[in-house]
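Reading through the C-alpha cells given below for one structure.
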Amino acid sequence: MKRITYALLIVLVGITISFASCNMKHSGTSGKDHASMPESTVQTDTGQARILFDVYQHDFGKMVEGEIVSYTFDFTNTGTAPLLIKSASASCGCTVPKYSKKPVKPGKKGELEVVFNSLGKEGIQHKTIAVRANTKPPVTLLVITADVRAKKDDR
C-alpha cells in the first residue's frame, strides 16, 4: 500500500511540474538577445507623442470692441516620440492660431499662440481652437473667451 501511495505521489508531482512549465510564458528568443537577431524579426517601439497643455482655456476678460489680443498656450510633449502639430484651426476667422512646424522632442516644451481680433464682435465671445497632431488623442481643443464691450463714441 505504501508503494502505491508513493508511486501516485511521484506521478502527481510530475504532472504538476509539467503543467507549470506549460503555463510559463516563452520569450520567443530561445536565449538569444535581440541584437543577434535579423532586423526583420525585431519589432521596434515607435512610441507615441502626447500633448499636455498647461491650461486649456484662457479668458481675456472685459475688452473694448476692436482690440486685438493674444495668448500663448504652453504645452509639453509627455510622450515617447517627437510631437508634430499638423494643423490648428479656430471656430471663427477672428481667431488665428500660430505654432511652430518643427517637431517637439519628448519631454520638451512648445507654444501655440492664439490672436483674437474683437473688431465687429460684441458680448460674450467663446472661440474654440482644434489642435490636430500626431498624438493620442489626435485632436485637442483649446478655448478662449472674452467679454467684448462696444466702443464709446468720442463725440
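The values are calculated or read from the model by the stated rules, or taken from the named source; none is laboratory data. Quantities reported herein were computed from a predicted structural model and do not represent experimental measurements. In this analysis, Cβ positions are derived from the backbone assuming ideal geometry, glycine residues included, and neighbour counts consider all displayed protein chains.
Go through (1) within 26 Å of the chain's Cα centre (by Cα); (2) surrounded by fewer than 16 Cβ atoms within 10 Å (Cβ to Cβ) for residue 142 and report which single condition fails.
(2)
Return the residues of segment 83-102 that are surrounded by fewer than 16 Cβ atoms within 10 Å (Cβ to Cβ), without any contact (Cβ under 8 Å) to a residue 40 or more places away in the chain and touching a strand residue (DSSP E or B) at 6+ places or on another chain (Cβ under 7 Å); say none if nothing qualifies.
91, 92, 98, 100
Restricting to segment 71-82, name every residue that is within 20 Å of residue 143 (Cα to Cα) and surrounded by 15 or more Cβ atoms within 10 Å (Cβ to Cβ).
Correct list: 71, 73, 75, 76, 77.
Among what's in segment 44-66 and is charged (D, E, K, R), touching a residue at least 60 places away in the same chain (Cβ under 8 Å) and part of a loop (DSSP other than H, G, I, E, B), pick the residue that is surrounded by the fewest Cβ atoms within 10 Å (Cβ to Cβ).
Result: 65.
Scan segment 82-102 and tell me whether some residue there is out of contact with any Ser or Thr (no Cβ under 8 Å at 6 or more places or on another chain), aromatic (Phe, Trp, Tyr) and closer than 30 Å to residue 150 by Cα.
No - not one qualifying residue is present in segment 82-102.
Tell me whether segment 25-35 contains one or more residues that are assigned to a loop (DSSP other than H, G, I, E, B), basic (Lys, Arg), out of contact with any Phe, Trp or Tyr (no Cβ under 9 Å at 6 or more places or on another chain) and at pLDDT 95 or above.
no
Matching residues to (1) among the aliphatic types (A, V, I, L, M); (2) over 23 Å from residue 48 (Cβ atoms); (3) in a strand (DSSP E or B):
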| residue | (1), (2), (3) |
| --- | --- |
| 80 | no, no, no |
| 88 | yes, no, yes |
| 96 | yes, yes, yes |
| 107 | no, no, no |
| 116 | no, yes, yes |
| 125 | no, yes, yes |
| 137 | no, no, no |
| 140 | no, no, yes |
| 146 | yes, yes, yes |
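When you scan segment 134-151, do you find a residue that is in contact with a His (Cβ under 6 Å, 6 or more places away or on another chain) and in contact (Cβ under 8 Å) with a residue 60 or more places away in the chain, even just one?
Looking for residues that are in contact with a His (Cβ under 6 Å, 6 or more places away or on another chain) and in contact (Cβ under 8 Å) with a residue 60 or more places away in the chain, one finds at least one in segment 134-151, hence yes.
Please list, ordered by first then second residue, the pairs with beta carbon atoms under 6 Å, 6 or more apart or interchain, first in segment 113-131 and farther than 10 Å from residue 65 by Cβ, second of a type in the set (Phe, Trp, Tyr).
Matching pairs, first to second residue: 114/71.
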